[in-house]
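As structure tokens, the structure follows; a few thoughts come after it.
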Ligand code: GAF
């Protein structure tokens, strides 16, 4: 927050209206299931994006951030022209997140054309699969919802964030990350039905069970606006159409034999990942509720194998991180997020965290990869006003 406040002071001579923040997330399990109307189990982490916002006397928005050299300024009335439905976005990519949120908010509610200055600073690693984008969207949406007095609830703000991501940034993602950023709770995950958007809080109890959630950031960055993510999404849509259902959420594990008969092999494997992953989310929620977090390791492992072999979104670095973590005593490990780079997570007994860090670092060096960044995260609160 201090960095955002300092940045704000360079942008505006007025006192700010307030400070808001939203977190990045780790997805514990349920990968690529969100845009298939399925289930996910993410939690918000203790890395946040801060937005310090002040009013202006005119009807313009000026935004600056630690990602950028220069502020970007636009008239509120021009927002529609910045994000045409069929054309190129007219602002730098980082600015499309906050300005896209402002644009989507004005379509979601009757917002006054009240000018604002926005300064954004973040400690959510970018491109690491921890959803730095939803953190920017969440912090901006929470701030403008208050400053413009729109009265939208958390789910409506998550939808606004997703619209910005899909239409302003151009990444065809689901809604998991925005929901996690808005609804996160300390020491808990959010069990989300991505069809109904009903969310349940599921206690994680990592600390009480002597566990840490270790993140191994491979430092191979990824972007969901490019190839692989979109292609996987299209495979899922093709699979659902062949099965005659609205979305793969409507296919059961028992239907997989029929799926294998009516589609070619690659589409079948994409379908099998989604169908089995949905079941793994349900099984993880059940295990957390009845047995606690020490019971979920095999489900995390199975999820990784499915993403590596069936959905084919893992990378050699992610596989190396997962194997090293398991070999050093993690109860279970998997890549998290959209894949093609980013981070792996490892559920690790507290006294094995250093061993996991050392093993991952050594395995990366042996394989000739750049050193990973290894750290623990704590399940934390969602978007909020901080001051
Ligand atoms: C990215 C997307 F933004 C999410 O919507 C989700 O699809 C995820 O990849 C994969 O589970 O984070």
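State which residue pairs qualify: first residue closer than 14 Å to residue 215 by Cα and near the ligand (Cβ under 7 Å from one of its atoms) and inside the stretch 22-45, second residue part of a strand (DSSP E or B) and at pLDDT 95 or above in any location, beta carbons under 6 Å apart, and separation of 6 or more residues or different chains.
Filtered contacts from the stretch 22-45: 27/42; 27/336.
If you take the residues of the stretch 203-219 that are farther than 23 Å from residue 314 by Cβ and touching a strand residue (DSSP E or B) at 6+ places or on another chain (Cβ under 8 Å), which of them is surrounded by the fewest Cβ atoms within 10 Å (Cβ to Cβ)? Quick ask: steps written out before the conclusion?
Quick first cut of the stretch 203-219, residues farther than 23 Å from residue 314 by Cβ only: 203-211.
Pick out the ones that are also touching a strand residue (DSSP E or B) at 6+ places or on another chain (Cβ under 8 Å) and you get 203-204, 206, 210-211.
Values: 203: 15, 204: 25, 206: 22, 210: 12, 211: 24.
Across the stretch 203-219, the extreme among qualifying residues is 210.
Run residue 302 past the list (1) closer than 15 Å to residue 332 by Cα; (2) in contact (Cβ under 8 Å) with a residue 60 or more places away in the chain and report the number of the one that doesn't hold.
Unmet condition: (2).
Which of the residues belonging to the stretch 1-48 are under 23 Å from residue 305 (Cβ atoms) and assigned to a strand (DSSP E or B)? Walk me through it before giving the result.
First pass over the stretch 1-48, keeping only residues under 23 Å from residue 305 (Cβ atoms): 25-36, 38-43.
Listed by number, the residues that qualify are 25, 26, 27, 39, 40, 42, 43.
For a quick check of your reading: which helices (runs of 4 or more DSSP H) sit entirely within the stretch 221-317 and have at least 3 residues that are in contact with a strand residue (DSSP E or B) (Cβ under 8 Å, 6 or more places away or on another chain)? So that I can check it myself, show each step before the final result.
On the way: elements: 227-243, 256-262, 265-290, 297-306.
Filter on the stretch 221-317 gives 265-290, 297-306.
Filter the stretch 165-183 down to the residues that are within 17 Å of residue 139 (Cα to Cα) and more than 12 Å from the ligand (Cβ to nearest atom), then identify the one that is farthest from the chain's Cα centre (by Cα). Give the steps one after another, and end with the answer.
Applying the first criterion (within 17 Å of residue 139 (Cα to Cα)) to the stretch 165-183 yields 165, 168-169, 175-183.
From the residues that got through so far, the ones that are more than 12 Å from the ligand (Cβ to nearest atom) too are 168, 182-183.
Details: 168: 17, 182: 11, 183: 12 Å.
The extreme case among them is 168.
Hey, could you check the stretch 318-349 for residues that are crowded, with 23+ Cβ neighbours inside 10 Å and in a loop (DSSP other than H, G, I, E, B) and say which is farthest from the ligand (Cβ to nearest atom)?
At the first step, the residues of the stretch 318-349 found to be crowded, with 23+ Cβ neighbours inside 10 Å are 318, 321-322, 324-325, 330, 332-339, 341-348.
Of the ones still in play, those that are also in a loop (DSSP other than H, G, I, E, B) are 330, 337-339, 341-342.
Numbers: 330: 21, 337: 5, 338: 3, 339: 7, 341: 12, 342: 9 Å.
By that ranking, first place goes to 330.
Out of (1) within 16 Å of the ligand (Cβ to nearest atom); (2) within 19 Å of residue 154 (Cα to Cα); (3) assigned to a helix (DSSP H, G or I), what's the single condition that is false for residue 98?
(1)
The values are calculated or read from the model by the stated rules, or taken from the named source; none is laboratory data. This one's a predicted model, so the numbers in the text were calculated from it and none came from an experiment. For neighbour counting, all protein chains shown are included, and Cβ atoms are generated from backbone atoms with ideal geometry for every residue, glycine included.
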